[in-house]
Amino acid sequence: MKEAPRIKLARLPTPLVPLDRLSGELGGPRIWLKRDDLTETAASGNKLRKLEYSVAQALAEGATTLITCGGVQSNHCRVTAIVAAQLGLKCQLLLRGQPEDPDGNLMLDRLVGAEVRFLTMDEWRRVDEIFAEEAERWRSLDETPFCIPTGASDEIGLWGYVNATRELANDFSQLGIEPDYIVSATGSGGTLGGLIVGRALHGLGSQVVAFNVCDDEAYFINKISADIASWERRYEHQLDPSNLPINVIDGHVGPGYGEAAPHVYDTIRRVARLEGVVFDPVYTGKAFDALLTELNRGQFTDSEDIVFLHTGGIFGLFPHRQQL
Ligand SMILES: *Cc1c(COP(=O)(O)O)cnc(C)c1O
């Protein structure tokens, strides 16, 4: 297998902790949290694990400027902007949506000096062209740009969670547990894809399951299959195709990406008060609420231990202050 270049950005390993009071109240499996919200402070969350590989690749190619894209309140864009500042690189963000009062992630993007271009929905549909245009503009300024796709979800960023799976295997053996499920939110697919590859590569017994916070099951099956195939080609390692199940549980998107039903906010409040753990309405709160709904329906109740991946997103909470 070819090795992927990597730089150290995240504080690893992150803790794996049980939610005892919540598990007691639920009366079902013991729920554990993998605290990937603790990978850093301002640059916290799952994207930092992926960027250890994406940014290493950028540096290997001599990049001086990182270009990436996402929603106005993208966690991925915020982490990329902060990492760029940490490394003395320039950063340009292509943000889908309207300019709004800088808040949450957007406030931090501005603070660390990222250049922001807002894209209309029409422009977003041809974001690949806009990446190319902007890269050309940076080259004309004597910079070397490197483009990172949405969420750093490609065959390079996939390594972040391939690697996290090995960390989880170590956590499990140290704690003497064999969780039946590892549960996560999925938004651009790279976290789930990485977990799936890592599970196969490291022979983990747990099943990997994700709740989509946008799009639908078919979209993620396509996207993740394509990313895994690119990973296999680029790093020259063939995986057993029968050992790569893509388990996406659809039906919990609610009103849409970035919008949540009242019960999601109730779950965020409940977990905050009971456990002192903060989820966000876009990803972790929505997915954790979905897990509680499925437990209520009798899903997952055959298991003793379930690990929920806390992927971060705390700054996405602030623009939702009115609902909280
Ligand atoms: C991006 C993100 C996710 C989803 O991860 P993907 O790899 O994009 O599927 C989940 N939680 C948070 C907080 C995120 O920022």
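Checking each residue in the stretch 303-324 for being among the aliphatic types (A, V, I, L, M) and either more than 14 Å from the ligand (Cβ to nearest atom) or under 11 Å from Leu33 (Cα atoms) (or both) picks out Ile306, Val307, Leu309, Leu324. Considering the stretch 171-190, and only residues there that are within 12 Å of the ligand (Cβ to nearest atom) and at negative phi, the residue that is farthest from the chain's Cα centre (by Cα) turns out to be Val183. Taking the conditions (1) open to solvent by less than 30 Å² (accessible area, probe 1.4 Å); (2) outside any loop (DSSP other than H, G, I, E, B); (3) within 16 Å of the ligand (Cβ to nearest atom) in turn, Leu295 satisfies each one other than (3).
The set of residues from the stretch 191-235 being within 13 Å of the ligand (Cβ to nearest atom), surrounded by fewer than 22 Cβ atoms within 10 Å (Cβ to Cβ), assigned to a loop (DSSP other than H, G, I, E, B) and on the phi < 0 side of the Ramachandran plot comprises just one member, Cys214. For Leu168, the requirement of being aliphatic (A, V, I, L, M), surrounded by fewer than 24 Cβ atoms within 10 Å (Cβ to Cβ), within 30 Å of Leu33 (Cα to Cα) and under 20 Å from the mean Cα position of the chain (by Cα) is not met.
Across the stretch 10-45, the number of residues qualifying as of a type in the set (Lys, Arg) and without any contact (Cβ under 8 Å) to a residue 40 or more places away in the chain comes to 1. Being farther than 16 Å from Lys47 by Cβ and without any contact (Cβ under 8 Å) to a residue 40 or more places away in the chain is the requirement here; does Asp122 meet it? Taking the combined requirement at face value, the residue satisfies it. In the set (1) in a strand (DSSP E or B); (2) touching a Pro at 6+ places or on another chain (Cβ under 8 Å), Val183 fails one condition alone, (2).
The values are calculated or read from the model by the stated rules, or taken from the named source; none is laboratory data. None of these values were measured; they are calculated from a predicted model. Neighbour counts are summed over all protein chains in view; Cβ atoms, including those assigned to glycine, are modelled from backbone coordinates with ideal geometry. Just the protein is used for accessible areas: all its heavy atoms, side chains included, with ligands, DNA and RNA removed. Shrake-Rupley method; radii C 1.70, N 1.55, O 1.52, S 1.80 Å.
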